Each structure stands twice: as C-alpha cells, then as structure tokens.
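Structure, as structure tokens:
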Amino acid sequence: MKTFFKLSTLALLATLASCSGGGGGGGTVYNPPSTGGTTTGGSTGGTSTSTYGSYTSPNILASEFVSSLNSVDGTYSSAVQLYSNETLRSSVAGQDDWFVIYDAKFSEYKAVSLQYVRSIVYYDYYSNNRAVASEFRNIEHGDIVGGDLNGDRYGNDYEVVDLRSSGYYEGRQSGYLYEDEVGSTDVSLMAKESEQKAFYAKAAKVSFVYSVSLETSMSMVTLGSKIEKMLSRTNGEMTQEDQLALVSDMKTLTGVSLEEIQKATQSASAKEDVIAKIAAKLGTSASNLEQKVLPEVFGITL
C-alpha cells in the first residue's frame, strides 16, 4: 500500500464541502499521573501540575459549569443564555450539544460544547466542577497567549459569539448561528437554514456515490468544509499546524492512525486489519473501500 497524502487529495475532499456541522456533576477517575509531573490538560492547550488523580466530569450541566466559572472568577455575573436544545448548531447532524453563556470575565458571549466541557481533563484530590471551570480558564488562557482570541482555532470546542440585533448569536470562528429555531425568522437565519439543507443533500449524494453510511458522508462533507477554510486562509497552502489538525481529523474519521497505515504497507496481515477497521468505521465493504473510497477520497492507492 502506498500513501499519497498530499494537497491534491485535500483539494478533492474540499470539493465535497458546502457546510460545516447544553445543559448535566460527578467525575470519572482514570490513569493517575506520576507524582510531581506536569501534565497537559484539556484538548486545546493549558497545563496543570498535580501529584493527584486525573479526572473528567462527564455529567456536568451547563448551569453547573457556569456556576463554577463564577466561583473561579470571583464573580456572579456569568450566566447561561441558551441551552443546547435552543441552539441551531446543536440540531446539525454530527455537531455537539452547544450552549451559549454570557462570560462576565471578558464581558462577551461564548458558545461552548457540552461534550468538550465534559471531556476536559484536570488533576485534583477528587472530581469536582470547580476544577473543570479552572482548567477551562487555563486552556482559554493558553489559546489567547497563542493568538486565538476568539476561542479555539476553528470554533470546534468553544468560541466567542456576537449577539445580533435580530436576537441570534453568531460564532466568530465557525460562522455558526446559535439561536432558538422557532424564535427567529431573520433573513440571515433563513439563509443559514438553506445552507444546512444543501449540506444534507450533498451528504446524501456522497453517501450514494461512495457507498458509505450517511453518518460517514456527513463527516466527510464537514471535513471537506474545514479543509476548504484552511486553504482559503493561506492561499492554497497547508500550514504545519493545519496538517497536524487534519491528521487528527482523519484518524477520527477512519479509526486508524497514519502509523497503522504505514505498518500496513509492510505486512499483509496488518493491511487486512487496517482495511477491516476502516471499512467498519466508514460503514462500507472492504472491496469498496479498497477500490474506490481509499484511492479517490483519501489518496491511498493499493
């Protein structure tokens, strides 16, 4: 198996694109870090030093998260504005559950992924919501220091949003709208809904052409949109940071790493393993994967 993971493949994926795609505290302990170590927390940046346990809080509610932010910040002005069942982005297939808050610390509105908050890793004596909020602030500080003032780079985990006169919130990074579907008939909102319909139509077409599951085709179209944004920002060039982000996205989509694919070039059994894994993840047959999806979409020739 020979891999041709290059810009032409990314451009091909970009042609698939047309559109990209809140409120529960306990904790889960796993793999305590070694004593005295410094460990990176969260998925976007920031670090925490601890000699204690590693935790997440998979059941934290949006309201509990905001209450904990108030405790960490020493203010009581931050508040939930919209819960996940009130935001348009949450209704897009393949998207997380999003909620919008007023962030008193920065005097701005933010959209936050509930799944992201629940995945934040922190180190403490015990699981607690305050540590989640504290680690979120650490991550946010790391993003700001790194030059990302409006959230994580692509607005995949959290982003600053602007409240428009029509009453909906618009993401500065992603361009997504966060608003109750029933609560607004704004022309811009209607245009965004039209884009979403186009997204579903394109995903259905990709599903048919490549014989993959609809869930997979929506992920492919979303990834294509992300790549298109990357290329438009840099005049067709892919930065090293973008490439690293893309490698991570490709692993999420296919279920295998580039290292596993490389090993498959040297072993028939490893190749069979990788083919089976990817086929199962994409919801297609091994033969269709090998003959059509891999070479045409991912630039991998058998």
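Values quoted throughout were computed directly from the atomic coordinates according to the rules given, and no laboratory measurement underlies them. The shown structure was predicted, so the numbers you read here are calculated from the model rather than taken from an experiment. We place every Cβ from the backbone using ideal geometry, glycine too, and count neighbours over all the protein chains shown.
How large is ³J(HN,Hα) for each residue in the range 279-290, as worked out from phi by the Karplus curve 6.51 cos²θ - 1.76 cosθ + 1.60 (θ = phi - 60°), to whole Hz, x for Gly and Pro?
Rounded to whole hertz, the list is 4, 5, 5, 8, x, 9, 7, 4, 5, 5, 4, 5.
Report the full-extension gain for the segment Thr75 to Gln291: residue separation times 0.36 nm, less the Cα-Cα distance, to one decimal in nm.
71.9 nm
Taking 41 Å as R0, compute the FRET efficiency from the Cβ-Cβ separation of Lys277 and Asn85 and round it to 0.05. Don't skip to the end; give the middle numbers.
Values: r = 35 Å, r/R0 = 0.84.
That gives a FRET efficiency of 0.75.
If you average the C-alpha positions of the range 59-102 and of the range 209-250 separately, how far apart do those two centres end up, in angstrom?
27 Å
What are the ³J(HN,Hα) values, in whole Hz, obtained from phi via the Karplus relation 6.51 cos²θ - 1.76 cosθ + 1.60 with θ = phi - 60°, for each residue of the range 215-229 in sequence order, with x given for Gly and Pro?
So the Karplus estimates, Gly and Pro as x, are 4, 5, 5, 5, 5, 5, 5, 5, 5, x, 5, 5, 5, 4, 5 Hz.
Within a 10 angstrom radius of the beta carbon, how do Val297, Val247, Val100 rank from fewest other beta carbons to most?
If I rank by nearby Cβ atoms, fewest first, I get Val247, Val297, Val100.
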